[in-house]
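Enquirer: Here it is: the structure, laid out below.
The values are calculated or read from the model by the stated rules, or taken from the named source; none is laboratory data. Treat the numbers as computed from the prediction; the structure is a model and nothing was measured. Every residue, glycine among them, receives a Cβ derived from its backbone with ideal geometry; neighbour counts consider all protein chains shown.
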Amino acid sequence: MSKILNNISQLFRIKDWLFTKFMFNIALILIISSTFNIDFEHVLYIVSVYCIYLLAVGSLGYFINDYFDIETDLVAGKKNFCSQLKSHQIISIIFGLIAIALIPVFIIPKNKIAYLIMLATQTLLFILYSAHKTRFKTNILGVFSDSLFSFVIPALISVFIIDAFHNIVVSFYLTLGFILWLFLIGLRSILSHQKIDYENDIASGISTFAQRLGKNLTKTFIIIIIIFELGILITMAALFFNHLITSIFLSLGVYLIFEIVLNLMIYKNKFNSLNELISVFYKYYLLIAALFYLAANNSTYFYFAIIGLVSLIYLNIFIVRVKIIFGFIYHKIAKWIWYKFKGALRRIGIK
């Protein structure tokens, strides 16, 4: 059973996207739900429906990309599980994933057309991004399309699903700011990814927008995007989500403890870029902020907030950095105690 799950995980590259996309979008659902006072049962139902969509579409996007990258990956010496499949298997998997992604249409009571349009647009962008004849991923269209199908559309679909079960009225300015913020996150994410893979892509013969800009100009673009992105986020938080300010500051406190104090000062594990530092906040702490607020106002969420914090501690300490922690304990504490003990023995004449 574990081997089957592992093969599925590798085929759809689930480890590359599920955790980050899930945490970020669930955080958005909880923040929107808290703003409109949606009860816990409805929130749980909304999250369940959204997870069906996310699992199907996330797998579909990476599968389509890997399918069109079979030849490129073979030249680069990269493992591609799609290369082991036959044509009829590939077609069956694609249509199967689309069928699963359509399940929410039969569950949500309204916004069915909007959901279908968003899903069709996202699937089309997946194909245009990767297909050999269009290959958006090699030019500026790839940067825009990646931002849309990775961040903007998934978040908008979460809003459509929330509205389907609980009528919500969102102002034009909040909608505009929300979409622009998501779009900038997507642009920063894909440009940073291309910047990191700059040399590898050149070696593999892959052309990207970052290569056309050059490393220095790409870095400048990323910094400009970060300034506007954070500016929009702060403005939205102050104008539309001020009820979350206390929770956000609490989450920032946890963020400073884990990522600045533990990560930088103790583990000496420096971030590669400002982009990584911001991405870590979106990945973990935005959800923690939402859980803090909901836990303070609804006892039902208290246990989820505790689970969220424990998971964060577990991920930070017992999985990701377990070797670093043992190294720190050994070199900074155990050896210090041992040398002090040996020194004390020498002073009293015991060798």
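Enquirer: Might you let me know whether the range 224-238 holds any residue that is among the aromatic types (Phe, Trp, Tyr) and crowded, with 16+ Cβ neighbours inside 10 Å?
Expert: The answer is no; no qualifying residue exists.
Enquirer: Considering every residue within the range 11-21, establish whether at least one is outside any helix (DSSP H, G or I), surrounded by 14 or more Cβ atoms within 10 Å (Cβ to Cβ), touching a Ser or Thr at 6+ places or on another chain (Cβ under 7 Å) and at pLDDT below 85.
Expert: First, the residues of the range 11-21 that are outside any helix (DSSP H, G or I): 12-13.
Within this subset, residues satisfying the condition of being surrounded by 14 or more Cβ atoms within 10 Å (Cβ to Cβ) are 12-13.
Now drop any that are not touching a Ser or Thr at 6+ places or on another chain (Cβ under 7 Å), which leaves 12.
When the remaining residues are screened for being at pLDDT below 85, the result is 12.
So far as the range 11-21 goes, yes, one or more of its residues are outside any helix (DSSP H, G or I), surrounded by 14 or more Cβ atoms within 10 Å (Cβ to Cβ), touching a Ser or Thr at 6+ places or on another chain (Cβ under 7 Å) and at pLDDT below 85.
Enquirer: For the range 63-71, check the following and say yes or no: at least one residue is exposed (fewer than 15 other Cβ atoms within 10 Å of the Cβ), of a type in the set (Asp, Glu) and more than 25 Å from residue 248 (Cα to Cα).
Expert: Within the range 63-71 (the criterion being exposed (fewer than 15 other Cβ atoms within 10 Å of the Cβ), of a type in the set (Asp, Glu) and more than 25 Å from residue 248 (Cα to Cα)), the answer is yes, since at least one residue qualifies.
Enquirer: Please find, among 57, 47, 43, the residue that is at pLDDT 90 or above and surrounded by 21 or more Cβ atoms within 10 Å (Cβ to Cβ). Step through it out loud before you land on a result.
Expert: Numbers: 47 fails: surrounded by 21 or more Cβ atoms within 10 Å (Cβ to Cβ); 43 fails: at pLDDT 90 or above.
Sole residue among the options that is at pLDDT 90 or above and surrounded by 21 or more Cβ atoms within 10 Å (Cβ to Cβ): 57.
Enquirer: Can you find, within the range 153-191, the residue that is nearest to the chain's Cα centre (by Cα) among those that are farther than 22 Å from residue 137 by Cα and polar (S, T, N, Q)? Reasoning before the result, please.
Expert: Restricting attention to the range 153-191, the residues satisfying the condition of being farther than 22 Å from residue 137 by Cα are 156-178.
Okay, now just the ones that are also polar (S, T, N, Q), so 158, 167, 171, 175.
Details: 158: 15, 167: 27, 171: 26, 175: 21 Å.
Applying the filter and picking the extreme gives 158.
Enquirer: Now for a different question. Across the range 30-50, what is the total count of residues that are more than 13 Å from residue 164 (Cα to Cα) and in a helix (DSSP H, G or I)?
Expert: Let us first name the residues in the range 30-50 that are more than 13 Å from residue 164 (Cα to Cα), namely 30-32, 34-37, 39-41, 44, 48.
When the remaining residues are screened for being in a helix (DSSP H, G or I), the result is 30-32, 34-35, 40-41, 44, 48.
Number of matching residues: 9.
Enquirer: Still on this structure, I have one more. Here are the criteria: (1) more than 20 Å from residue 280 (Cα to Cα); (2) in contact (Cβ under 8 Å) with a residue 12 or more places away in the chain. Tell me which single one residue 194 does not satisfy.
Expert: Checking residue 194 against (1) more than 20 Å from residue 280 (Cα to Cα); (2) in contact (Cβ under 8 Å) with a residue 12 or more places away in the chain, the one that fails is (1).
Enquirer: Something else about it: Evaluate the range 104-115: report whether one residue or more is surrounded by 15 or more Cβ atoms within 10 Å (Cβ to Cβ), out of contact with any strand residue (DSSP E or B) (no Cβ under 6 Å at 6 or more places or on another chain), among the hydroxyl-bearing types (Ser, Thr, Tyr) and modelled with pLDDT of 90 or more.
Expert: The answer is yes; a qualifying residue exists.
Enquirer: Considering 182, 174, which residue is free of Cβ contacts under 8 Å to residues at least 40 places away in the same chain and part of a helix (DSSP H, G or I)? Talk me through it step by step, then tell me what you get.
Expert: Values: 174 fails: free of Cβ contacts under 8 Å to residues at least 40 places away in the same chain.
Sole residue among the options that is free of Cβ contacts under 8 Å to residues at least 40 places away in the same chain and part of a helix (DSSP H, G or I): 182.
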